[in-house]
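Asks: Here's a structure for you.
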Amino acid sequence: MPTDRALLAPYCTNLERPVFALRNLPEEVVAVLFAYYSRSTDSLRDNLARLLADGDLALPGGAPDEAPEGLAAAQEKARQFHEKWVVGYGHSSVAEHAVVHLAVEDVSIVATKVIEDCRLASFTEKSTRYVPFDGDSFVRDPAVVASGLLPVYEAACRSALETYSRLLPVVEAQVVERFACPPDWPARRYASTVRAKACDLLRYLLPAATRTNLGLTCNARLLEHLLTKLYSHPLGELRELAAALQREATAIVPTLIKYAAPNAYQQQTRAAVAALATDLPAPTPTATASSNLVRLVRAPDDPVGELATAILYEAAHLPYGDLRAQVAALPAARQQAIVDAYLADRGRWDAPLRALELVSYTFEVLLDYGAYRDIQRHRMCTQTAQTLTTHHGYETPPELLELGHGAAYDAVMAQSAAAWATLAAAVGEERAQYVLPLAWRKRLLLTCNLRELHHFISLRSGRQGHVSYRRVAQDCWHELHRVHPALAAAVRVDLAEYALARG
């Protein structure tokens, strides 16, 4: 046992208690140790001690939390295990215990939206609110480079970014003139709020090709799926990114992602759907007035009855059909009382409980790409998005017009629209979208269960939110209230307007 303790000390946060954390171990070794729970009667510490002892490891001098470096034998055993069970027999859940942290820098906003479509990963992206963007920092799509249209592409992107950079200090100064510092605010808070206000107004100018940074954390199983999706994507930037991600992640989980590769089904199905859509009518241009549109396109017929049934199900010990019939026979007021009781004691920071997940709604949203950039992060929703084009016009923040920048703003949009048309005809709409600033609109189907809708509306309608996605969240609440006011009444929504929303 003393030998085991010496071996284990650098890898376990304690050696006595039944709950402990692992540290200083390769991720694939961690995955194997957890997998042994399903195949071994021994404790994790015993299995770890056996792996380490087989490697004839010696604890180096120094503090007990310093990890030995000679883990080659343990890693080789992990590799053999994964080759047999994960790769050979398809027990992919084992790979979920190996976690990878990746820094993804200098990628386009377009690329981050594809990466962030992964539901079970965690992301942190460079903010358009707090961080100014560089005037010449944008991705060149490989197909555009090969097409000979790079000058058109670069001119549109540079025009947008240079206008953004030129106007940023001007708009900051104008915001200061319009909004005096509240007497109880520290100077730093006021300066930060002014900068955020200016960035919020000008982010509409940032082209989708703008370079940004992203932090990505995910398990190896999900990472393999992500790599496959990126390798199978029509955009060259994403295929190149897949190779870079796999190269770097291989240093952490060499066995578990080694077979990620382009997927013929994904590639062929995307092409087939595009071909099926060619016979559809051309889109009707949408007016360019600033008015996000949210429309409820699918809602349950009896959401209160369904929700009351879901609430009672856990305690009822009845088949669902029998319980549903029992609830349906109750007076409407009694059904609503069940729902109200379920939500009555919820505190400010308490999420609604899971019964609300059995009731779902689908909204069609016409929104600017900047708002989509934020809303797309709600991955508990099922999102089906159309490609960014010029078909639906662009948003114009009224305050920019009031500040006298409408002509410069519209000039950027006109140049980007012309560039998009040229590029779309030559290399397709998928690649042409890079030149469009975040002001341009796209359509999105957003399907949310009622629990997620509580979270989405309360978070995105909050004072700290950008006005564009605040309006989307508020309109979702109005649509819910239109059809089911009793359920909407329980959703926390901020319908107010704020001059300095970030304060």
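Asks: Compute the distance from the alpha-carbon center of segment 254-332 to that of segment 135-172, in whole Å.
Replies: 37 Å
Asks: Using the reciprocal of the averaged 1/r over all distinct C-alpha pairs, how large is the Kirkwood radius of segment 182-249 in Å?
Replies: It is 15.5 Å.
Asks: What ranking of Leu216, Leu403 emerges when the number of other C-beta atoms within 10 Å of each C-beta is taken as an exposure proxy, fewest first?
Replies: Least crowded to most crowded, the residues run Leu403, Leu216.
Asks: Also: Lys/Arg Cβ at +1, Asp/Glu Cβ at -1, dipole of the chain taken about the Cα centre: which of Ala425, Tyr342, Thr447 is farthest positive-ward?
Replies: Projecting each Cα onto the dipole axis, the largest value belongs to Tyr342.
Asks: Counting other C-beta atoms within 10 Å, which of Asp410, Asp345, Asp475, Asp136 has the fewest, and how do the rest follow?
Replies: Asp345, Asp136, Asp410, Asp475
Asks: Still on this structure, please answer the following. Quick one: Karplus J couplings for segment 30-37, per residue in order, coefficients 6.51, -1.76, 1.60, θ = phi - 60°, nearest Hz, x for Gly and Pro?
Replies: 4, 4, 5, 4, 5, 4, 4, 4
Asks: Ranking Tyr409, Tyr11, Tyr434, Tyr313 by Cβ neighbours within 10 Å, fewest first, what do you get?
Replies: So the ranking, lowest neighbour count to highest, is Tyr313, Tyr409, Tyr11, Tyr434.
Asks: Follow-up question, since we're still on this one. Residues of segment 338-376 with amide nitrogen under 11 Å from the 7 Å Cα-to-Cβ point of Val483?
Replies: 360-364
Asks: When the helices in the chain are scored as -39500 (n - 2.57) per DSSP H run of 4 or longer and the sum is shared across all residues, what 222 nm value do you end up with, to the nearest 500 deg cm²/dmol? Before the final figure, lay out the partial values.
Replies: On the way: 21 runs with 240 residues, N = 503.
So the calculated ellipticity at 222 nm is -14500 deg cm²/dmol.
Asks: If you don't mind, there's one more thing I want to ask. So, counting K/R as plus one and D/E as minus one, what does the shell of residues with Cβ under 12 Å around Ala355 add up to?
Replies: Working: positive: Arg354, Arg451; negative: Glu306, Glu314, Glu357.
Residues near Ala355 contribute -1 overall.
Asks: Exceeding 27 Å between C-alpha atoms, which entries from my cross-link table qualify? They are Lys113/Lys258; Lys258/Lys442; Lys197/Lys229.
Replies: Lys258/Lys442; Lys197/Lys229, as the Cα separations exceed 27 Å there.
Asks: Cross-link candidates for Lys126: which aspartates and glutamates have Cα within less than 15 Å, leaving aside residues fewer than 8 places away along the same chain?
Replies: Glu105, Asp106, Glu116, Asp134, Asp200, Asp374
Asks: For the Cα atoms of the chain, what angle does the longest principal axis make with the long axis of helix 450-460, in degrees from 0 to 90, nearest 10?
Replies: Orientation of helix 450-460: about 60 degrees from the principal axis.
Laboratory data are not the source of any read-out in this text; all were calculated from the coordinates shown. Just so it is clear, the structure is predicted and the values come from calculations on it, not from any experiment. All Cβ positions, even for glycine, are placed from backbone atoms using ideal geometry, and neighbour counts span all protein chains on display.
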